[in-house]
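The values are calculated or read from the model by the stated rules, or taken from the named source; none is laboratory data. Quantities reported herein were computed from a predicted structural model and do not represent experimental measurements. Ideal geometry is used to build each Cβ from the backbone, glycine not excepted, and the neighbour counts take in all protein chains shown.
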Amino acid sequence: MATNINAMELERILKLTPSHHNIMLVGRHGIGKSRIVEAYFTSENKKVVTLFLGQMSDPGDIIGLPSLDRSSAKTVFGGVAAVGAEEQPR
């Protein structure tokens, strides 16, 4: 479901969204989506990881890499935190 919002509404949404939820912003290139989000989280002293979906070509870039959970014998996906963990979030 797409919703049109302005920068002030986005900041309100960021404040209300639990940290374990993701937010996906869609819009034209160069309109400041990443800058607004990075500025908000920097002001909150929180780490930010910005993913540019247009530059990703592999599903593992988005959902993480699969691994075996030995306790349940099921495949789990590591999520983006598991990919490039040695890189510093910006």
Worksheet item: Which of the residues belonging to region 54-76 are touching a strand residue (DSSP E or B) at 6+ places or on another chain (Cβ under 9 Å) and at pLDDT 80 or above?
Response: Pro66, Ser67, Leu68, Asp69, Lys74, Thr75, Val76
Discussion item. Any residue in region 7-20 that is under 12 Å from Lys46 (Cβ atoms) and without any contact (Cβ under 8 Å) to a residue 40 or more places away in the chain sitting within a Cβ distance under 8 Å of a residue that is surrounded by 11 or more Cβ atoms within 10 Å (Cβ to Cβ) and of a type in the set (A, V, I, L, M)? List the pairs, counting only those 6 or more apart or interchain.
Written reply: Leu14/Val37
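Say whether the condition of being polar (S, T, N, Q) and at pLDDT 75 or above is met by at least one residue in region 18-32.
Quick first cut of region 18-32, residues polar (S, T, N, Q) only: 19, 22.
Now narrow it down to the ones that are at pLDDT 75 or above: 19, 22.
Scanning region 18-32, I find at least one residue that is polar (S, T, N, Q) and at pLDDT 75 or above, so the answer is yes.
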